[in-house]
Amino acid sequence: MIALALWLWLWLWARISMDYTDEHYRPRCPRCEQAMVVVIGDYGRYAAIRDWHEGDIQRRPLRPADPAVLTGIKGWMAGTASVHGERVLAVGLTYLFGEGDCPHCGATFEVAAQREHSRPAEPDPWAVQVT
Ligand SMILES: [Zn+2]
């Protein structure tokens, strides 16, 4: 059990940027499967539709988890960040472990769960499109 918790911690810690000043995820809605962007950082904390010309539109604010009720590895991560004075990270983690609403259909989703199904925030300009 301890090995699993340690592995989860290392895996999660490595997948976040460690500061939450500019996190962008590109998950799909668990209900309508439309793409959206989830932002946690200095630009705000929201789910939105990323429009190439207009930026992030139809923004819906994320709801942070209450750190007092986080348990297991989530509680440990938030608590460790807070104890070590990493306030921005601690606050960012409450949003990562919180909820959001799909800007397309309004479905509520768990940010961390959808983050695991996300793809890079920006398209890879060097990617080759195969049709
Ligand atoms: Zn949706």
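Since every read-out is calculated from the coordinates, none of them should be taken as a lab result. Just so we're clear, the structure is a prediction, and the values are computed from it rather than from any experiment. No Cβ is skipped: glycine too gets one built from the backbone with ideal geometry, and neighbour counts run over all protein chains shown.
General observations
- Here the range 24-78 has an Rg and Dmax of 13.6, 41 Å, counting Cα atoms alone.
- Taken one residue at a time, the phi angles of the range 33-47 give Karplus couplings (6.51, -1.76, 1.60, θ = phi - 60°) of 6, 7, 6, 9, 10, 10, 10, 9, x, 5, 7, x, 9, 7, 10 Hz. Gly and Pro are set to x.
- FRET efficiency estimate (nearest 0.05) - Cβ-Cβ, E33 to H53, R0 25 angstrom: 0.60
- Between amide H atoms placed 1.01 Å from N, distances below 5 Å from G41 occur with E23, all of them 5 or more places distant or on a separate chain.
- Karplus 3J(HN,Hα) series, Hz, for the range 79-89 with 6.51 cos²θ - 1.76 cosθ + 1.60 (x for Gly, Pro): x, 5, 4, 5, 4, 8, x, 8, 4, 4, 5
- Among 70-78, 51-59, 83-91, 32-40, sorting by the average number of other beta carbon atoms lying within 10 angstrom of each residue, highest first, gives 32-40, 70-78, 83-91, 51-59.
- What the phi angles of the range 68-74 give under the Karplus curve with 6.51, -1.76 and 1.60, with θ = phi - 60°, is a coupling list of 5, 9, 6, 10, x, 5, 5 Hz, glycine and proline written as x.
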